[in-house]
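Have a look at the structure below, then the notes.
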Amino acid sequence: MGSGEVSVRPIGRLSTGETISAVELSNEYMQVTLLDLGATLWTLKPQGHASARGITLAHNDPLSYAVNPPYLGCTVGPLANRVGESAFVLDGQRYDLTPNEGAHHLHGGPTGFGHRVWSAEPGHQATEVVFRLHRSDGEGGYPGNLDVAVTWTLERNCLRFAWSASADKATPVSITNHTYWNLSGSGTIEDHLLRVDAEAFVEIDGDLIPRGALVPSSGSVFDLANLTRVGDAIERVGFGGIDHCYALVPDGRIELREPGSGLSLVMETSLPGLQVYTGHQLDASPEQGGFQPMAGLCLETQFFPDAVNNPSYPSPLVGPEELVHHWTTYTFNGIRPTGPN
């Protein structure tokens, strides 16, 4: 199974006085650095990769993650993606959430999980860390006292992201990680090849809010059933690029390849949806990490956006005293491991 280690080091302090720490998981295949701020995947550096900065888009200053408008690498929730008009009805009661994208609620709002400092503790495996967070009833407009755990596990050439949630009353939860991937470590992702095992995608309006319908993707401009050059897919879709949720087939896979480096990423997940975002809203500003449009590709496993307002979608609800668990694996091929296997 190979060797590995975990190290923890403090790296800064927020204006609130909270200390921020980095947790590094490393083995003969890669070095993964996580932050307790946002349970963030900060950097992932395959052993022997040409880019010293690794294959994720990252702020140089870890304290930048306290704001982080593009959500680089962070774990977002309680509800990933968008809630239309920042409201939903549950058990006959309306809940109003804090809007942070026009009239709508995005990625848990201004007090979402990506902006919070999580507690960290060792996991059960040698190269594993568990981040924990509590949300109080009514915080951000959400019902229920909620406890969540995010576990990152590194084993050989596979990184596993798993989350669990429990609450004292019914509440919606859809957690994802918002890493921007660039397997070359520089430039744009236009020459990457992407394949998504999906049968349909979620139709959206001009505000990126679902219209309710799932549209078959086969034969459409959104068809990614075969390996497709990302730049060609963007050109097909149009200027706005891809920022759409795909309905994955059961046991479906997601594959991303970078022909130049020979590196590839294969993802599997227990969740029904995958938000593909081509990073076209990046604008090279310091707040955006200095990254140009299409510098990275987000592959966000999740429940469908606005599922709380669309009963035909798989439900993101966590019942009272229920423990919900989901996972996503990231398997990297093309890495030459160092040391003994």
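The values are calculated or read from the model by the stated rules, or taken from the named source; none is laboratory data. Since the structure is predicted, the reported quantities are computational estimates derived from the model, not experimental observations. Using ideal geometry, Cβ is built from the backbone for each residue, glycine included, and neighbour counts are taken over all protein chains shown. For the accessible areas, the whole protein counts, side chains as well, though only heavy atoms, and no ligand, DNA or RNA atoms are used. Shrake-Rupley method; radii C 1.70, N 1.55, O 1.52, S 1.80 Å.
If I build a Gaussian network model for the chain, linking alpha-carbon pairs within less than 10 angstrom, which residue out of ILE204, ILE11, ILE189 has the largest mean-square fluctuation? Comparing ILE204, ILE11, ILE189 in a Gaussian network model of the chain, the most mobile one is ILE11. Were the residues from SER186 through ASP137 laid out at 0.36 nm apart, the gain over their Cα-Cα distance would be 13.4 nm.
To the nearest 20 debye, what charge dipole does the chain have about its Cα centre, counting +1 at the Cβ of each Lys and Arg and -1 at the Cβ of each Asp and Glu? Kindly include the intermediate steps, with their values, before the conclusion.
Working: 19 positive and 38 negative charges, 139 e Å.
That gives a dipole near 660 debye.
Here region 161-287 is treated with +1 on each Lys and Arg Cβ and -1 on each Asp and Glu Cβ, and its dipole about the Cα centre works out to around 220 debye. Taking only the Cα atoms of region 157-230, the radius of gyration and Dmax are 16.6, 47 Å.
Close amide H pairs (under 5 Å, H built 1.01 Å from N) link PHE201 with VAL215, SER217, ALA247, residues at least 5 positions away or on another chain. Placing pseudo-labels 7 Å out from each Cα toward the beta carbon at ARG9 and VAL249 gives an inter-label distance of 4.6 nm.
The chain has equivalent-ellipsoid semi-axes of 28, 25, 19 Å, by the square roots of 5 times the alpha carbon gyration tensor eigenvalues, sorted largest first.
Name the residue from SER164, GLY238, THR188 whose Cα lies farthest towards the positive end of the charge dipole of the chain, charges +1 on Cβ of Lys and Arg and -1 on Cβ of Asp and Glu. Selected residue: THR188. Note on region 7-61: with charges restricted to the Cβ of Lys and Arg (+1) and Asp and Glu (-1), its dipole about the Cα centre is near 120 debye.
What FRET efficiency do you get for GLN47 and GLU121 if R0 is 35 Å and r is their Cβ-Cβ distance, rounded to the nearest 0.05? Provide the component values of the computation, followed by the final result.
On the way: r = 27 Å, r/R0 = 0.76.
Efficiency computed from Cβ-Cβ geometry: 0.85.
For GLU18, GLU203, GLU287, GLU255, the ranking by accessible surface with the largest value first comes to GLU287, GLU18, GLU203, GLU255, using a 1.4 Å probe. Principal axis extents of the C-alpha atoms in region 5-151 (largest first, rounded to whole Å): 54, 31, 29.
Farthest towards the positive end of the charge dipole of region 36-156, among the residues TRP152, HIS124, TRP42, is the Cα of TRP42, using unit charges on the Cβ of Lys, Arg, Asp and Glu. Here region 265-301 and region 88-105 have alpha carbon centers that stand 25 Å from each other. Per-residue packing, averaged as other Cβ atoms within 10 Å, sorts the ranges 296-303, 273-280 into the order 296-303, 273-280, beginning with the highest. Projecting the Cα atoms of VAL266, ILE55, ALA307 onto the dipole axis of the chain, where Lys and Arg carry +1 and Asp and Glu carry -1 at the beta carbon, places ILE55 farthest toward the positive end. Rounded to the nearest 500, the helix-only mean residue ellipticity at 222 nm of the chain stands at -500 deg cm²/dmol, with each DSSP H run of n ≥ 4 adding -39,500 (n - 2.57).
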